[in-house]
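To keep things clear, I will list the structure first and then write my remarks on it.
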Amino acid sequence: MVSIKCSCGCNTTSSETHKFIDCCVCKKIYLHSCAELSITEIRTIKSKKGVSWSCRNCNILSSDINDLKAATLSLRNDLAAREKSAGIDDKAFEELLAELGDRNNRKQNIIMFGVPESDTHDANTRRSQELETVQAVLKALPSGMNTDHIE
């Protein structure tokens, strides 16, 4: 005869399978008294198709998950309302972020008029040529600037 041990930690074992019920979520097996169910209730749950039972821990976890889902939905609704009230759609927001990124990248740019642009398609070669041009222009300035720190 097979002996079943209750999962609640009470260390009760029994071969009377009709006194046990398994949680439909975690699949742990519980004695009827530990599950706070009568043997008749266990028999009813097991006999009804589509009826299941979950342990206290899984009920708490399920409740927490439902609370998190509700909070997430609320935050999504708040965000959507704020976006709508701000008048910024997804495309405009992405364009705004791209523009801010471009501005940040151009913070340290130098604009020089009348200097021919490099015609090479290789970015590294073009960058090297432009750097040489900038350094040559700055060295030609009367102050004799040190250009070693220019990248």
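The values are calculated or read from the model by the stated rules, or taken from the named source; none is laboratory data. Being a predicted model, the structure only gives us computed values, none of them experimental. Every residue, glycine as well, gets a Cβ built from its backbone with ideal geometry; the counts of neighbours run over all protein chains shown. These accessible areas exclude ligands, DNA and RNA; they are computed on the full protein's heavy atoms, side chains included. Shrake-Rupley method; radii C 1.70, N 1.55, O 1.52, S 1.80 Å.
So how much slack lies between Ala123 and Ile111, counting 0.36 nm per residue of separation and subtracting their Cα-Cα distance, in nm?
Here the answer is 2.5 nm.
For Leu31, what accessible surface area do you get with a 1.4 Å probe? Give it in Å², rounded to 10.
20 Å²
For helix 56-86, what angle does its Cα long axis make with the longest principal axis of the chain, in degrees from 0 to 90 and rounded to 10?
30 degrees
At 1.4 Å probe size, with no ligands or nucleic acids counted, give the accessible surface of Ser3 in Å², nearest ten.
80 Å²
Using protein chains only and a probe of 1.4 angstrom, how many square angstrom of Val25 are accessible, to the nearest 10?
In the full protein context, Val25 sits at about 90 Å².
Using R₀ = 22 Å, calculate the FRET efficiency as 1/(1 + (r/R₀)^6) where r is the Cβ-Cβ separation of Gln135 and Glu99; round to 0.05.
Efficiency, from the Cβ-Cβ distance: 0.15.
Order the following by accessible area, largest value first: His18, His32, His121. Probe radius 1.4 Å; ligands, DNA and RNA are ignored.
I get His121, His18, His32, largest accessible area first.
Under the rule of at least 5 residues apart or a separate chain, name every residue whose amide H is placed under 5 Å from the amide H of Val25.
Answer set, sorted by chain and number: Cys55.
Going down the list Lys84/Lys107; Lys19/Lys49; Lys46/Lys69; Lys27/Lys69; Lys27/Lys48, which pairs span over 21 Å between their C-alpha atoms?
Violating the 21 Å limit, Cα to Cα: Lys84/Lys107; Lys46/Lys69; Lys27/Lys69.
Return the sequence-ordered ³J(HN,Hα) values of segment 25-41 in whole Hz as given by the Karplus equation 6.51 cos²θ - 1.76 cosθ + 1.60 applied to θ = phi - 60°, using x for Gly and Pro.
9, 8, 6, 6, 9, 10, 5, 3, 5, 6, 7, 6, 10, 7, 4, 5, 5
What shape does the chain have by the C-alpha gyration tensor, where a ≥ b ≥ c are the square roots of the eigenvalues, rounded means a/c under 1.5, and otherwise prolate means a/b greater than b/c and oblate the rest?
Note, shape of the chain comes out prolate.
With angles folded into 0 to 90 degrees, how steeply does helix 90-105 sit against the dominant principal axis of the chain? Use alpha carbons for both and round to 10.
50 degrees
Between Val2 and Lys48, what is the label-to-label distance in nm when each label sits 7 Å out along the Cα-to-Cβ direction?
2.6 nm
Counting only protein chains, not ligands or nucleic acids, how are Lys107, Lys84, Lys28, Lys19 ordered by accessible area (probe 1.4 Å), most first?
Lys84, Lys107, Lys28, Lys19
With all protein chains present, how much of the accessible area of the chain (probe radius 1.4 Å) comes from carbon and sulfur, to the nearest whole percent?
Using a 1.4 Å probe with all protein chains present, the chain comes out at 52 percent carbon and sulfur.
Quick one: compute the contact order of segment 1-129, relative version, from alpha carbon pairs under 8 angstrom and 6+ residues apart, as a percent.
Computed over segment 1-129, the figure is 13 percent.
Under a Cβ-only charge scheme (Lys and Arg +1, Asp and Glu -1), can you give me the dipole magnitude of segment 35-151 about the Cα centre, in debye to the nearest 20?
Dipole size: approximately 1020 debye.
Can you give the FRET efficiency to the nearest 0.05 for Glu16 and Ser62, using r as the Cβ-Cβ distance and R₀ = 30 Å?
0.55
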